[in-house]
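What follows is a short report on a single structure.
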Amino acid sequence: MRFRRFGAWVLCAVLVAAAAHAQEQDFSKITLKTTELAPGLAMLEGVGGFAGGNIAVSYGADGTAIVDDQFVPMVPKIDAAVRALSDGPVRFVINTHWHPDHVGGNEPLRDGGAVIVAHENVRKRMSVDAFSKLMNRKVPAAPAAALPVVTFGDGLVLHWNGETIRVVHVAPAHTDGDSHIWFENANAVHMGDTFVNGIFPFIDVESGGSIKGFIDSANRVLTKANARTRIIPGHGPLATHGDLAKFRDMLVDVKGRVEKGIASGKTLEQFNATKPLADLDNEWGDGFMKSDRLVALVWMSLTGK
Ligand SMILES: [Zn+2]
């Protein structure tokens, strides 16, 4: 998978170092691939480098609304891709969560007239300096001009281009501010980083993330979706119900193994020394998360330490 080539790099980018790397990285060779999912709905994904998270675009007579916006240097490319679908500027941006590779373009898009919409915890976490012990890095507060303008608790609905865009906050999963964005008529959903297709996920326990919430979030989509639902993951290629079910099954398996490790009385280090996910590594471990890191995050999520 093309995405996997950026392995170690992406680890930094997806986490808190993303903003810093955005300034260092050369985005000039990255392009955006557009996949039309239904009339008035498309997915944009980076090709040729790490562009940030996948984007959904709703376009039509009312104008354009997008889900997530990668990094500042990607905004001119996002704008061009969006205008190739439909004339006119981006009117709404919905952020799936607060990580810099999903909200990085907020400020220039807001300057261009877009209204930024996100769960209230996205605005809260973007508003303050944060320090990640896991990454030993500071994430500076975002400028006021990058913050969501409309925030919500449980969710909201955008009635836009004849589509019902249902934004649903889910219990803490990847972070404590995740939302799923459903395009109900098109039978599609953007899951943010509560789903990364084909690789181990990052559970940002420092931002309130939880392995149980990750599994619940996947189950919630699997229950509402069907075999024809187009599922946009935070990273990785467009997915099906089957892909998400496989991801959920892997998470349930990993959680069970870590629970056994905790019950055995071993320390995390002793448990990781047994390489408890060795048989899963080949299939899931060549993305931005290595299995020992995932084990540590699941362990932290289950024990609180
Ligand atoms: Zn994320």
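Working with all protein chains in place, sort Asp279, Asp154 by solvent-accessible area computed with a 1.4 Å probe, largest first.
Asp154, Asp279
Ignoring ligands, DNA and RNA, what percent of the 1.4 Å accessible area of the range 173-299 is carbon and sulfur?
About 50 percent, which is the carbon plus sulfur part of the accessible surface.
On a C-alpha basis, how far is the centre of the range 233-270 from the centre of the range 60-98 in Å? Whole number, if you could?
About 33 Å separates the Cα centre of the range 233-270 from the one of the range 60-98.
Looking only at the chain, where both bridge partners belong to it, what percent of the DSSP beta bridges are antiparallel (to the nearest 5)?
Close to 70 percent.
Can you find, among Gly198, Ser179, Leu222, the residue sitting farthest towards the positive end of the charge dipole of the range 113-268, where Lys and Arg contribute +1 and Asp and Glu -1 at Cβ?
Looking along the dipole axis, the top candidate is Gly198.
Using Cα pairs under 8 angstrom and six or more residues apart, how large is the relative contact order of the range 13-148, in percent?
21 percent
Sort Ser86, Ser179 by heavy-atom solvent-accessible area, probe 1.4 angstrom, most to least.
Per-residue accessible area, sorted high to low, gives Ser86, Ser179.
Scan around His174 for amide H atoms under 5 Å from its own, H built in the peptide plane at 1.01 Å from N, and keep only partners 5 or more places away or cross-chain.
Sorted by chain and number, the residues that satisfy this are Ser210.
What is the chain's relative contact order, in percent, from Cα pairs under 8 angstrom and six or more apart in sequence?
15 percent
Can you tell me the accessible area per residue over the range 87-242, all protein chains present, probe 1.4 angstrom, in square angstrom?
36 Å²
First select every other residue whose beta carbon is under 11 angstrom from the beta carbon of Gln70; then total the charges, Lys and Arg +1, Asp and Glu -1.
-3
Ranked highest first by average number of other Cβ atoms within 10 Å, how do 58-71, 39-52, 128-141, 234-247 line up?
The peptides rank, most packed first, as 58-71, 39-52, 234-247, 128-141.
Using alpha-carbon pairs under 8 Å, 6+ residues apart, how would you state the relative contact order of the range 141-183 in percent?
28 percent
Within the chain, which whole H helices from DSSP have a Cα span along their axis of at least 30 Å and a mean Kyte-Doolittle hydropathy of -1.0 or more, if any?
Counting only whole DSSP H runs, the qualifying helices are 241-263.
Under 5 Å between amide H atoms, partner at least 5 residues away or on a different chain: which partners does Leu37 have, H built in plane at 1.01 Å?
Ala42, Met43
The values are calculated or read from the model by the stated rules, or taken from the named source; none is laboratory data. Keep in mind that this is a model prediction, so the values were computed, not measured. All Cβ positions, even for glycine, are placed from backbone atoms using ideal geometry, and neighbour counts span all protein chains on display. Each accessible area value is taken on the protein alone, full model and side chains, heavy atoms only, with ligands, DNA and RNA left out. Shrake-Rupley method; radii C 1.70, N 1.55, O 1.52, S 1.80 Å.
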